[in-house]
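Please treat every number below as a calculation from the coordinates, not as lab data. This is a predicted model, so every value here is computed, not measured. Glycine gets a Cβ as well: all are built from the backbone with ideal geometry, and neighbour counts include every protein chain shown.
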Amino acid sequence: QEDDPQATILLKFKESLNNATELDAWGKSENVCNGNTSNWKGLVCHNGEVTMLKLEGMGLHGSIDVDTLSQLHNLRSLSVMNNSFGGAFPDVKKLGGTLRALYLSFNSFSGEVPDDAFAGMNSIRRVVMRNNEFVGKIPTSLTELPRLVDLQLQNNQFNGEIPDFPQNGLKVNIANNKLEGPIPPHLQSQNPTSLEGNNLCGRPLDIPCPKKKSTLKTVIIIVIVIGVTLISILISILFFRQSQRKSSAYKKSAVQNLENRKPAHEANTKKVWVTDQHSENNKKNEQGNLYFVRNDRQQFELEDLLRASAEVLGSGNFGSSYKADILNGPSVVVKRFRQMTNVGKEQFFEHMRRLGKLSHPNLLPLVAFYYTKEEKLLVTDFAELGSLASHLHGKRSPNHPGLDWPTRLNIIKGVAKGLDYLYKELPILTLPHGHLKSSNVLLDKKFGAILADYSLAPVINKEHAQQFMVAYKSPEFTQHDRVTKKTDVWGLGILILELLTGRFPANYLKIVKGANADLATWVNSVVREEWTGEVFDKEMSATRNGEGQMLKLLKIGLCCCEWNMERRWDLREAVEKIEELKERDSDDQDYSSYGSEGDVYSSRGMTDDDFSFSMAEKSLNI
Ligand SMILES: Nc1ncnc2c1ncn2[C@@H]1O[C@H](COP(=O)(O)OP(=O)(O)OP(=O)(O)O)[C@@H](O)[C@H]1O
């Protein structure tokens, strides 16, 4: 065993366990791991290192020798669920900052959990302590874990008030404890069932919190609060006025341009069609016209647009987008671009004409544009259901109920069709889309995908494009300063992984320096790190009989994200593979090639924690 120090560590660890008959074979083979294969029961290996200890349902008791385990430097996940361990909470923080998942559920651990029990465990994502006999307060060190996404404390005896958990996207289950008091603000968007069985009040439970008796102290506090509120209202009004002034700035600048440069009677009421002879027609109107690029839309004047009530939809990397409701006309979206100043007018008009000719159900049509040297406005249709990003990552509501697998599949098929069309129609562009990301995939009434912000690379200032457009975050650009026809395929891959996992890559995309390394980590983590839990977004977990198809899409996503350009698929190949996907495995004649792994997932319903890297590796052939 001297050859493999992991063997010594594990055998020593085993000594602390009682009733470990299931581990009798430990030590019989010298090497614990063979690459990604584990020779010892209850372990998962990766590159010859033990990454996961999975001692589940083995009737074990005794103690967990964390000191010895801490010598396994690559341990990412520790699971002892479904055993008979009792006694105090094991001092897992000794396992260091690399542990990503801890499962102590369904044992008889008891007593208080020290407040600093999780201090410094900065990598941990899942803490599952459900169904034990823990008492006392929920340790506040849990609220300081930056990457925590899943915390399960249900069916214990925790008491006292709940601390607030500021982590974004964290799912918490604390049902059936003895907790009391108000539900803290960040937990108010949790599912009510995960808070039930306590003595809690406030949202999302329908139990109002009792009003406290107003003592002198509270009266003073109330007076202070009212004072502060009044002051902040005053400040907000001032800000609001200022921002109103700002938000109408584009109107003003447009109006000023027009007013300054044209006689009042000519004022801006001219609707101009962009034809091949546009420049001749418009020589007199050099500035500030609204140019329509298609004739299948109701037209309106620039004045109508300026008068329309406008709502800010958000501001991105290029400027802000507004929804404008034209009086007696359509609702349109106006996106303001200030980073298109380096492109010549002729070239700009030509490109807009080109975009105006595009017509496909999965593309957001450009309706009109406004041109001045300093700023450009692009007018498009309004998509009522908003963006894919808001559905994947926004708060759940009747309008945002979460997306199931068939809907996600339909969306990605639409994205693929839209991209395919762009590639066919704009063969001269290296980046037919260039800025593919979930906030630029809008949804129509039937949850079909509509691509937005496409084909803008030729008109956006180069430095700005290189700083902010998705295509320039690709490995080929960050490493070799080039983009190719396969670059959009990479963006498609990232989008697929985001769609399947429900995890947001934007924070990676936004980082400018080092974005490449971080995004590489993100992509790898989808398989390599997330094996400790479910790789697929839980909202799709109700899907039965479609997991094989989800895996196929995951594989497609990974092939699109391939770092090596030679090996990365081209768009046609990606589109073909996406088109072949079915909603259900039973509709897929090809599915037999996925063999038993698919069945394993189906029968377990993908709700278990079994999506291990080695399984993913096998299923995905990666
Ligand atoms: N035509 C549209 N219909 C409905 N919502 C839209 C439309 N265009 C944009 N949006 C939404 O408005 C918000 C702001 O969009 P905008 O395009 O300005 O920024 P972004 O997509 O977040 O970033 P970027 O500027 O990098 O594209 C986004 O949430 C976007 O999904």
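So the values come out like this:
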{"quantity": "Cα gyration tensor shape for segment 343-452, rounded if a/c is under 1.5, else prolate or oblate", "calculated": "prolate"}
{"quantity": "By average C-beta atoms within 10 angstrom, highest first, the peptides 21-31, 302-312", "calculated": "302-312, 21-31"}
{"quantity": "Rg and Dmax [Cα atoms of segment 1-104; Å; Rg one decimal, Dmax integer]", "calculated": "12.7, 36"}
{"quantity": "For segment 439-489, convex hull volume per residue from C-alpha positions, Å³", "calculated": "91 Å³"}
{"quantity": "Cross-link pairs 94/178; 413/555; 446/486; 345/486; 417/486 - those with Cα-Cα distance over 26 Å", "calculated": "94/178; 446/486; 345/486"}
{"quantity": "³J(HN,Hα) computed for each position of segment 79-93 - Karplus, 6.51 cos²θ - 1.76 cosθ + 1.60, integer Hz, glycine/proline x", "calculated": "10, 10, 5, 6, 10, 10, 5, x, x, 6, 4, x, 7, 5, 5"}
{"quantity": "Per-residue HN-Hα couplings for segment 454-462 [Karplus 6.51, -1.76, 1.60; θ = phi - 60°; Hz; x = Gly/Pro]", "calculated": "8, 6, 9, 3, x, 10, 8, 3, 4"}
{"quantity": "Over segment 1-89, relative contact order from alpha-carbon pairs under 8 Å, at least 6 apart, %", "calculated": "27 percent"}
{"quantity": "Sequence-distant residues sharing a close amide H with residue 404 (under 5 Å, placed H)", "calculated": "none"}
{"quantity": "Peptides ranked, highest mean first, by Cβ atoms within 10 Å: ranges 145-151, 32-38, 487-493, 377-383", "calculated": "487-493, 377-383, 145-151, 32-38"}
{"quantity": "Local net charge near residue 134, Cβ-Cβ under 12 Å (Lys/Arg +1, Asp/Glu -1)", "calculated": "+1"}
{"quantity": "Interchain or long-range residues, amide H under 5 Å from residue 33's placed H", "calculated": "39"}
{"quantity": "Formal net charge of residues neighbouring residue 449 (Cβ-Cβ distance under 11 Å; K, R +1; D, E -1)", "calculated": "+3"}
{"quantity": "Over segment 77-122: Rg over Rh, Cα atoms, Kirkwood Rh", "calculated": "0.96"}
{"quantity": "Cut-off under 5 Å, modelled amide H: who pairs with residue 320 long-range", "calculated": "336"}
{"quantity": "Per-residue ³J(HN,Hα) for segment 58-72, Karplus 6.51 cos²θ - 1.76 cosθ + 1.60, θ = phi - 60°, Hz, x for Gly and Pro", "calculated": "10, x, 6, 8, x, 10, 9, 7, 5, 4, 5, 4, 5, 7, 7"}
{"quantity": "Net length gained if the chain between residue 161 and residue 296 were fully extended (0.36 nm per residue, minus Cα distance)", "calculated": "42.6 nm"}
{"quantity": "Relative packing of 197-204, 358-365, which averages over residues the other C-beta atoms within 10 Å, highest first", "calculated": "358-365, 197-204"}
